[in-house]
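Visitor: Here you go, one structure.
Where a number appears in this text, it was derived from the coordinates with a stated rule and is not lab data. The shown structure was predicted, so the numbers you read here are calculated from the model rather than taken from an experiment. Here the Cβ positions follow ideal geometry from the backbone for every residue, glycine too, while neighbour counts run over all protein chains shown.
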Amino acid sequence: MPTTSTTESPSNAENGTPTWVWVLLGILALGLVALLVVLLTRRGGEGISGEERQRRLDGAVGSWIAQGWAVENQTADSAVLRRGGDLMLVTVDQAGHVSTRPLPAA
């Protein structure tokens, strides 16, 4: 009985794109996504307009007033609120972020 030999092509033959190319493309894609996120979430150097800051401050102060606080003093970008002996400072920064912090009672 004659023996037949078969030859098979190696399974590691370069039939497609090498793995390192896919890894490099993945890293580049992640870098692009990160760059887009940074650019889209970043505010310009000017920040928001004075009118928008005032609107945000008024909205924040309004929510504190609804909780029983009263306005003691208010400027374009901050307000001091009072409830009993407690004082609260509400501010709006250039980027439009509203923050609050308690003040020591006078």
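Visitor: Taking the stretch 59-83, which residues are closer than 13 Å to Gly96 by Cβ and assigned to a helix (DSSP H, G or I)?
Guide: Result: Gly59, Ala60.
Visitor: Continuing with this model, one more query. Mind checking which residues of the stretch 79-100 are more than 25 Å from Thr41 (Cβ to Cβ) and not β-branched (Val, Ile, Thr)?
Guide: Across the stretch 79-100, the qualifying residues are Ala79, Leu81, Arg82, Arg83, Gly84, Gly85, Asp86, Leu87, Met88, Leu89.
Visitor: If Trp22 satisfies all but one of (1) in contact with a helix residue (DSSP H, G or I) (Cβ under 7 Å, 6 or more places away or on another chain); (2) free of Cβ contacts under 8 Å to residues at least 24 places away in the same chain, what's the number of the condition it fails?
Guide: Among (1) in contact with a helix residue (DSSP H, G or I) (Cβ under 7 Å, 6 or more places away or on another chain); (2) free of Cβ contacts under 8 Å to residues at least 24 places away in the same chain, Trp22 violates only (1).
Visitor: Would you say Leu89 is among the hydrophobic types (A, V, I, L, M, F, W, C), assigned to a helix (DSSP H, G or I) and under 27 Å from the mean Cα position of the chain (by Cα)?
Guide: Values: among the hydrophobic types (A, V, I, L, M, F, W, C): yes; assigned to a helix (DSSP H, G or I): no; under 27 Å from the mean Cα position of the chain (by Cα): yes.
Considered against the rule, which asks whether it is among the hydrophobic types (A, V, I, L, M, F, W, C), assigned to a helix (DSSP H, G or I) and under 27 Å from the mean Cα position of the chain (by Cα), Leu89 comes out as no.
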